[in-house]
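Engineer: Can you keep this structure in mind? I'll have questions shortly.
Rule-based calculations on the coordinates, nothing more; no lab input. Computed from a predicted structure; not experimentally measured. As a convention, Cβ positions derive from the backbone with ideal geometry for all residues, glycine included, and neighbour counts pool all protein chains shown.
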Amino acid sequence: MGGLVVSFANQKGGVGKTTLAINLGSALAMSDFKVLIVDFDPQAHITVGLEVSPEDKGTIYHAILGERDIKEIIFPTKVENLFVVPANEDLAGFEVEFFDKSENQFILKKEIDKIRDRFDFIFIDCPPSIGIYTVNALCASDYVIIPVLADFFSLEGFSKFFKAVEEIREGLNPKLEILGIVINMYDKRAKLTREVEEEFLKYFPGKVFGVRVPKNVKIAEAPSFGLPVLLYKPSSPGSDAFSSLAEEFLERIKQYKEEKESASKN
């Protein structure tokens with residue numbers, strides 16, 4: 001089967017998908033797991049945020065077109081054990097190129113399956129939509145992590161996204177599981193933050209990660225140096241949060257595996 005594939009997705013923008021993928025991936029890589037992040041967003045923030053320069057070697061778009069072997073466009077980062085399959089603005093052509101192709105939901109999966117056995121975890125960073133990019137990512141994934149903000153607009157649109165994920169699981173990828181919801185940019189002093197947090201806990205019991213990623217200027221600064229916050233500022237609330245989140249992530253993976261094994265025996 002190879003490594004586990006995890007998408008970071010939400011139809012709402014600005015919720016910290018890329019930041020979460022970079023820093024959780026880095027925390028796992030620093031714990032000796034081999035991690036790959038596939039940048040599947042035409043904005044290419046993973047590629048930029050980790051200072052990967054594909055130049056003429058190619059991107060995920062060229063792999064999908066059959067112009068490059070995906071194994072040849074896996075780039076190292078400044079974090080040991082963390083690698084990236086990059087993107088650039090060319091990926092915007094994916095939607096046009098493959099819109100009317102048969103089984104176009106599984107194009108990314110075919111590429112991911114070629115390299116699954118090389119990594120412990122493969123993360124996919126998605127654009128803020130539930131279009132062909134995110135559908136492809138979810139069809140390629142074992143799990144999805146949904147980053148949210150503790151604000152009204154995150155809560156208001158979340159149910160629709162949650163339903164869309166369930167529809168993909170029922171119709172296209174029955175092994176897909178929602179690993180959890182991560183509350184980003186958390187400010188415990190704000191009354192609204194606490195109120196929205198309570199709503200998420202009430203309506204999605206058991207799905208919200210216990211770790212809250214705080215509002216922290218060091219997290220925001222780190223990408224401009226091509227680093228995760230764990231290397232940019234190891235002694236910061238942001239670094240502590242992502243280290244703890246990595247531990248909870250591994251525990252959730254273990255729990256899901258045990259539940260599946262138990263269900264298969266019964």
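Engineer: For the chain, what is the charge dipole size about the Cα centre, in debye to the nearest 20, if Lys and Arg each add +1 at the Cβ and Asp and Glu each add -1 at the Cβ?
Structural biologist: Numbers: 32 positive and 41 negative charges, 147 e Å.
Roughly 700 debye for the chain.
Engineer: A further question follows. State, to one decimal in nm, how far the label point of A92 lies from the label point of I74, with both points 7 Å from Cα in the Cβ direction.
Structural biologist: 3.0 nm
Engineer: Would you mind checking the pairs K57/K109; K175/K265; K218/K254; K101/K207; K160/K202; K57/K78 and listing those with alpha carbons more than 23 angstrom apart? The partial results should precede the final answer.
Structural biologist: Details: K57/K109 21 Å; K175/K265 17 Å; K218/K254 31 Å; K101/K207 35 Å; K160/K202 17 Å; K57/K78 19 Å.
With Cα atoms farther than 23 Å apart: K218/K254; K101/K207.
Engineer: Another question, then. As a test of the formula, what do you get for the chain when each DSSP H run with n ≥ 4 contributes -39,500 (n - 2.57) and the sum is divided by the residue count, at 222 nm and rounded to the nearest 500 deg cm²/dmol? Spell out each step's value before the answer.
Structural biologist: Values: 11 runs with 116 residues, N = 266.
Per the formula, -13000 deg cm²/dmol.
Engineer: What's the ranking of 18-31, 116-129 by average number of surrounding C-beta atoms within 10 Å, highest first?
Structural biologist: Put in order of decreasing packing, that is 18-31, 116-129.
Engineer: Give, in nm to one decimal, the length gained when the segment between D151 and E195 is fully stretched (0.36 nm per residue of separation minus the Cα-Cα distance). Mind showing how you got there, number by number?
Structural biologist: Working: separation 44, 0.36 × 44 = 15.84 nm, distance 0.88 nm.
Here the answer is 15.0 nm.
Engineer: Still on this structure: Restricting to bridges with both residues inside the chain, how much of the DSSP beta-bridge set is antiparallel, in percent to the nearest 5?
Structural biologist: On the way: 2 of 28 bridges.
Approximately 5 percent, going by the DSSP bridge assignments.
Engineer: Relative contact order, percent, of the chain when contacts are C-alpha pairs under 8 Å separated by at least 6 residues? Let's see the in-between values first.
Structural biologist: Numbers: 491 pairs, mean separation 64.4, N = 266.
Here the relative contact order equals 24 percent.
Engineer: Extending each Cα 7 Å along its Cβ direction at D113 and E258, get the distance between those two points in nm, one decimal.
Structural biologist: The two pseudo-label positions are separated by 3.2 nm.
Engineer: A follow-up question, please. Between region 212-253 and region 98-167, how far is it from one alpha carbon centroid to the other, in angstrom?
Structural biologist: Each part reduced to its Cα centre gives a spacing of 23 Å.
Engineer: What percent does the relative contact order of region 29-91 come to when contacts are Cα pairs within less than 8 Å and at least six residues apart? Please list the in-between numbers first.
Structural biologist: Numbers: 109 pairs, mean separation 31.0, N = 63.
After rounding, I find 49 percent.
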